[in-house]
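K.L.:
I am attaching a structure below and will ask some questions about it afterwards.
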Amino acid sequence: MTTELRIFLLAGVLCYFVLLFYLLKHRRFTLKYSLTWLFSGLVMLIAILWPDLILSLTRFVGIETPVNLVFVLCGMVVLLILLSVTAIITKLNHQLYRLTQTQALLEKRVRELEEALLKKEEESDGTQ
């Protein structure tokens, strides 16, 4: 890996972290959900700082070229992020379902109380 390429990639990862921390600061992300993104940034940073690690890992795994390993790792990170997002959406969907049920029950109770109040007022007006 040439020095120019490493500098360019470091600048890209730095921009990635700046954007990530900007989003965290302005509460577009919560720390809980951004851990996957932080982890992927750290993996990119390690790969840039120690490119021989990729070569060693390529030989260890038995993949022909380092580019193929990077491609496989990127695919795995994307799958991890998709899995994380799916889990979050499933949880939010369940919460929305429960919230909708709770709201419907509360609306029904308010209607019943209003009807009972009107009935009581009519009865008290009729006795006078």
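The values are calculated or read from the model by the stated rules, or taken from the named source; none is laboratory data. The model shown is predicted, which means the values in this text are computed figures rather than measured ones. With ideal geometry, Cβ positions are generated from the backbone for all residues, glycine too; neighbour counts draw on all protein chains shown. We work out accessible area using only protein heavy atoms, side chains counted, and drop any ligands, DNA or RNA first. Shrake-Rupley method; radii C 1.70, N 1.55, O 1.52, S 1.80 Å.
K.L.:
Can you name the condition, by its number, that residue 27 falls short on among (1) part of a helix (DSSP H, G or I); (2) free of Cβ contacts under 8 Å to residues at least 12 places away in the same chain; (3) among the basic types (Lys, Arg)?
P.N.:
(1) is the only condition that residue 27 fails.
K.L.:
I've got another one for you. Which members of segment 30-56 meet the condition of being farther than 30 Å from residue 90 by Cβ and outside any helix (DSSP H, G or I)?
P.N.:
Passing the criteria: only 50.
K.L.:
For segment 1-41, enumerate the residues that are of a type in the set (Ser, Thr, Tyr) and open to solvent by less than 100 Å² (accessible area, probe 1.4 Å).
P.N.:
Taking segment 1-41 as the starting set, the residues that turn out to be of a type in the set (Ser, Thr, Tyr) are 2-3, 16, 22, 30, 33-34, 36, 40.
Within segment 1-41, 2, 3, 16, 30, 33, 34, 36, 40 qualify.
K.L.:
Further question on the same structure: Residues that are part of a loop (DSSP other than H, G, I, E, B) and small (Gly, Ala, Ser): does segment 57-70 have at least one? Walk me through it before giving the result.
P.N.:
Within segment 57-70, the subset part of a loop (DSSP other than H, G, I, E, B) is 62-65.
Pick out the ones that are also small (Gly, Ala, Ser) and you get 62.
Yes: segment 57-70 contains one or more residues that are part of a loop (DSSP other than H, G, I, E, B) and small (Gly, Ala, Ser).
K.L.:
Here's another thing I want to ask about it. Among the residues in segment 86-106, are any touching a helix residue (DSSP H, G or I) at 6+ places or on another chain (Cβ under 6 Å) and not basic (Lys, Arg)? Lay out the reasoning, then the answer.
P.N.:
Initial filter on segment 86-106 (touching a helix residue (DSSP H, G or I) at 6+ places or on another chain (Cβ under 6 Å)): none.
For segment 86-106, residues touching a helix residue (DSSP H, G or I) at 6+ places or on another chain (Cβ under 6 Å) and not basic (Lys, Arg): absent.
K.L.:
What do you reckon, is residue 18 at pLDDT 90 or above, within 20 Å of residue 76 (Cα to Cα) and of a type in the set (Val, Ile, Thr)? Steps first, answer last, please.
P.N.:
Details: at pLDDT 90 or above: yes; within 20 Å of residue 76 (Cα to Cα): no; of a type in the set (Val, Ile, Thr): yes.
Judged against the criteria, residue 18 is not a match.
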